[in-house]
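J.: The structure that follows is given in the form of structure tokens.
What follows is calculated from the coordinates using simple rules that are stated; it is not laboratory data. Small disclaimer: the values here were computed from a predicted structure and weren't measured. Cβ: placed from backbone, ideal geometry, glycine included. Neighbour counts: every protein chain shown.
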Amino acid sequence: MTAQFDDKVAIVTGAGSGIGKAAALLLAKQGIKMAVLDYSEDELKQTVEEIKQQGGEVLSVVSDVSKPDQMQKAIQSVADKWGRIDIVFANAGINGVVAPLEDLEPDEWDRILEINLKGTFLTVKYAVPYLKKRGGSVVITASVNGTRNFSKTGASAYSSSKAGQVAFAKMIALELAQWKVRVNAICPGAIKTNIETKTEERNTEDIKIPVELPDDVAALKPGTAEDVAELVLFLVSDSSRHISGSEIWIDAGGSLLLG
Ligand SMILES: NC(=O)c1ccc[n+]([C@@H]2O[C@H](COP(=O)([O-])OP(=O)(O)OC[C@H]3O[C@@H](n4cnc5c(N)ncnc54)[C@H](O)[C@@H]3O)[C@@H](O)[C@H]2O)c1
């Protein structure tokens with residue numbers, strides 16, 4: 001438990017799995033009151049159980065980040081319970097469909113952009129009135145794809161959504177600075193989570209660009225959700241008090257190699 005986090009309230013989206021779950025568990029360990037949000041009720045149950053086992057205070061919020069009415073109610077339920085929101089980790093996201101441009105359907109494009117980009121906007125938008133009261137920290141999960149890595153052919157919608165998240169983070173970092181709300185984007189490389197199991201890859205054989213990479217380079221090995229959670233903790237802590245409007249890559253340098 002750290003005194004700087006006393007009474008603080010956080011909301012973490014996509015907390016049912018992977019990076020969101022690891023961050024929720026780590027923040028809860030610091031004594032931060034945790035609202036964990038996901039659209040998968042089943043996955044959320046496990047996160048809630050684990051936070052309780054750690055002795056943490058937790059609120060389970062089942063909501064789809066891409067739906068304005070649901071997100072407005074979700075944020076309201078957090079404020080109703082604890083009367084404040086200090087930390088927002090806008091992390092929920094999908095890979096969606098990876099496919100050549102001619103094959104990618106407009107509704108598939110929309111779904112990726114709606115969850116990853118609009119979902120980020122909605123999460124932060126409805127939390128802003130509470131963040132402004134005492135200042136706070138917003139962390140947004142973008143990706144190496146769309147920010148430093150443009151070689152994952154077929155992931156055009158995903159990469160566009162992630163680039164958009166970084167632009168959004170920088171815009172609102174400045175807009176909210178006078179209320180002492182810091183906003184940063186994190187850009188993970190490959191991280192071992194369940195996200196790939198939910199990805200639909202279609203007809204990408206012809207658009208793959210062969211790149212020869214060395215076999216045994218540490219920077220190309222996937223990281224863990226816990227690695228990313230440590231960065232989130234840093235960005236919501238006082239140690240990062242002078243950092244806002246930044247994107248931070250967390251990939252052991254792998255995206256420099258992949259490009
Ligand atoms: N795993 C990686 O290699 C990697 C790399 C870069 C960026 N990311 C980003 O990290 C974030 C988390 O991904 P992860 O790897 O932990 O994936 P994950 O699939 O393990 O977890 C994502 C969680 O978000 C939830 N979610 C998805 N859509 C939602 C919606 N509309 N409303 C509410 N909840 C929703 C899912 O139910 C799931 O619990 C995503 O934004 C992803 O783009 C992941």
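J.: Which value in nm describes the separation of the simple spin-label points at Thr2 and Glu175, placed 7 Å from the Cα toward the beta carbon?
T.: Calculated label separation equals 2.8 nm.
J.: Here is a further query. Using modelled backbone amide H atoms (1.01 Å from N, in-plane), which distant-in-sequence or interchain residues come within less than 5 Å of Val183's amide H?
T.: Sorted by chain and number, the residues that satisfy this are Val138, Gly245.
J.: Mind giving me the nanometre distance, one decimal, between the label points for Ala219 and Leu257, set 7 Å out from Cα along Cα→Cβ?
T.: 0.7 nm
J.: Mind ordering 208-214, 64-70, 156-162 by average Cβ neighbours within 10 Å, highest first?
T.: 156-162, 64-70, 208-214
J.: Under the Kirkwood approximation applied to all pairs of distinct alpha-carbon atoms, what is the hydrodynamic radius of the stretch 75-184 in Å?
T.: Answer for the stretch 75-184: a Kirkwood hydrodynamic radius of 14.8 Å.
J.: Compute the distance in nm between two label points, each set 7 Å from the Cα along the Cα-to-Cβ direction, one at Thr204 and one at Asp110.
T.: Modelled inter-label distance: 2.4 nm.
J.: For the chain, what log10 I(q)/I(0) values come out of the Debye formula at q = 0.10 1/Å, with one point per alpha carbon and no solvent?
T.: Taken in order of the listed q values, log10 I(q)/I(0) reads -0.46.
J.: Determine the sum of side-chain charges near Tyr39: Lys and Arg each +1, Asp and Glu each -1, restricted to other residues whose C-beta is under 11 angstrom from that of Tyr39.
T.: -4
J.: Okay, moving on. Mind listing the long-range amide H neighbours of Ala35? Cut-off is under 5 Å, sequence gap 5 or more, other chains count too, H placed in the peptide plane at 1.01 Å from N.
T.: Correct list: Ala10, Ile11, Val12, Leu59.
J.: Would you work out the relative contact order for the chain, in percent, from Cα pairs under 8 angstrom that are 6 or more residues apart?
T.: 21 percent
J.: Helix-only estimate, please: 222 nm mean residue ellipticity of the chain, summing -39500 (n - 2.57) across DSSP H runs of length 4 or more and dividing by its residues, to the nearest 500.
T.: Mean residue ellipticity, 222 nm, calculated: -12500 deg cm²/dmol.
J.: P(r) for the stretch 1-130, please, calculated from all Cα pair distances in 5 Å bins and given in %.
T.: Distribution as computed: 2, 12, 21, 22, 18, 11, 6, 4, 2, 1, 0 percent.
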